[in-house]
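The values are calculated or read from the model by the stated rules, or taken from the named source; none is laboratory data. Values in this document were obtained by computation on a predicted structure and should not be read as measured data. Cβ sites come from the backbone with ideal geometry, for glycine too, and all protein chains shown count toward neighbours. With ligands, DNA and RNA removed, areas are computed over all heavy atoms of the protein, side chains included. Shrake-Rupley method; radii C 1.70, N 1.55, O 1.52, S 1.80 Å.
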Amino acid sequence: SIAEEGGPAAGAIYRACGALLSAVDDPRARDALENAQRLNPQDKRSWSLLSVLYGRDRRPMDAAGAALVGEGLDSAAQGKREEASRTLEAALPYVARNPESKAFVLGQLGDAAAARSDWDMAERRYAEAVRLHGAVKDAGALAVEAAKLARAHLAQGEARDACRTLRKAQEAGAAVAEPEMNAACRPPATGGVGPPGPLRLTPGPSPTPPG
């Protein structure tokens, strides 16, 4: 298959295939578009296409959720942070039945809170995203959100919690940069607990798409 696991263009390929299949009412369109969304949840076009498809399949909750997520990502891409946050917040009840989608939206809301330095809210959003990714055993997404959760802990002076979170991220397959691990896990006398700069990590492999 051209859309091999982890390939940089895999999400776009699945999206293109899904759009073509959807145009001719091929039932394989849903699987293709859901794979596209799973591989690249930041792609607003996949969400928008899924919304149309779910509407056609008489799944109004899923259609509304996908539409709102797509709109929220579009607003974020235009720099409309407050509008994006409101739209993504509105999407949460609609995506609640899908833990992967809900975790993604929560992660986006955590990013928005972090951008305005609301670290308490960011921590809560990231923690719930981490819990959901863990529940579905999505190691790659879990590692990314756990690293962001650790940054929120550090921003609030919670180095012990940050250290614990980063170790869990490593166990999930993330290669966390040594400076961040030292900042969280070394006692203050040895130079630990530094400022929460951006975390640099290598996520673990994405799960193999079904089908």
For this session: State yes or no: is R131 open to solvent by 60 Å² or more (accessible area, probe 1.4 Å), at pLDDT below 95, under 13 Å from the mean Cα position of the chain (by Cα) and closer than 23 Å to A150 by Cα?
Result: yes
R97 passes all but one of the listed conditions (1) closer than 21 Å to H133 by Cβ; (2) part of a helix (DSSP H, G or I); (3) of a type in the set (K, R); the exception is number (2)
Scanning for something among the small types (G, A, S), within 23 Å of A115 (Cα to Cα) and modelled with pLDDT under 60, does the range 197-204 turn up at least one residue?
yes
Exactly one of S101, S85 is under 30 Å from A19 (Cβ atoms), polar (S, T, N, Q), in contact with a helix residue (DSSP H, G or I) (Cβ under 8 Å, 6 or more places away or on another chain) and buried (at least 21 other Cβ atoms within 10 Å of the Cβ), and that one is S101
In contact with a His (Cβ under 6 Å, 6 or more places away or on another chain), open to solvent by less than 10 Å² (accessible area, probe 1.4 Å) and modelled with pLDDT of 95 or more - does that describe any residue in the range 90-98? no
ask   = Given the structure, is A159 within 22 Å of L106 (Cβ to Cβ) and modelled with pLDDT of 80 or more?
value = no
Of (1) modelled with pLDDT of 90 or more; (2) in a helix (DSSP H, G or I); (3) under 30 Å from A36 (Cβ atoms), A169 fails just (1)
Given (1) modelled with pLDDT of 90 or more; (2) of a type in the set (A, V, I, L, M); (3) farther than 21 Å from V105 by Cα, A32 misses just (3)
The correct count of residues that are open to solvent by less than 50 Å² (accessible area, probe 1.4 Å) and in a helix (DSSP H, G or I) in the range 18-38 is 11
If you go through E89, E83, E100, E71, the only one that is touching an Asp or Glu at 6+ places or on another chain (Cβ under 8 Å) and either aromatic (F, W, Y) or at negative phi (or both) is E100
The correct count of residues that are open to solvent by less than 70 Å² (accessible area, probe 1.4 Å) and either of a type in the set (G, A, S) or in a helix (DSSP H, G or I) (or both) in the range 42-79 is 24
Report task. Please work out if P187 is at pLDDT below 75 and over 28 Å from S101 (Cβ atoms). Result -> yes
